[in-house]
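Where a number appears in this text, it was derived from the coordinates with a stated rule and is not lab data. Keep in mind that this is a model prediction, so the values were computed, not measured. Every residue, glycine as well, gets a Cβ built from its backbone with ideal geometry; the counts of neighbours run over all protein chains shown.
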Amino acid sequence: MNNRRGLTAVLATLITFSLSATPVLANPGNNGNGHKGNAGQKTEHRKNGGKPDHVESDISYAVARQLAVNLGLTGYQSLPPGIEKNLARGKPLPPGIAKKTVPASMLGQLPYYPGYEWKIVGDNLVLIALSTAVVTAIINGVFD
């Protein structure tokens, strides 16, 4: 009888611990569909996802040019020399400069950096900070 009572006590203890441990293993629920700071449904499935500190090592001229040629995105006119001179890394994008959106077919193959976007300026591929419009990287002649 003592053996049976001891076994029942052990089983009751195991069941109690397993039920109390279940909430610990559960998802905290911070990523629902509400309009809170953490949008759980939004995920990016692109390359990199980090900061654009090493753009030159993430994508080279040769790779960018090959993408442009393969997708038929060539023949763009270069910028006039005076405007080209004002387009420099670390400076704000010159006001009134014509910039085009990179087509989705190419954009999906470029490295992704949160808070930055790729633009076509003349025949150059340019990475621009969204909040400040500062030019972060320039790859010259990609769309020539």
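Values computed for the structure shown
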read-out: Mean Cα-pair separation over length for region 52-139, i.e. relative contact order, pairs under 8 Å, 6 or more apart, %; value: 31
read-out: Model label zone, GLN66; criterion: amide N under 17 Å from point 7 Å along Cα-to-beta-carbon; scope region 79-115; value: 106-111
read-out: Net charge over other residues, Cβ less than 13 angstrom from the Cβ of VAL126 (K, R count +1; D, E count -1); value: +2
read-out: Under-5 Å amide H pairs with TYR116, H placed in peptide plane, nonlocal only; value: LEU130
read-out: 5 angstrom amide H check on VAL102, placed H, neighbours 5+ away; value: ILE120
read-out: Environment charge at THR101 (Cβ cut-off 13 Å; Lys +1, Arg +1, Asp -1, Glu -1); value: +2
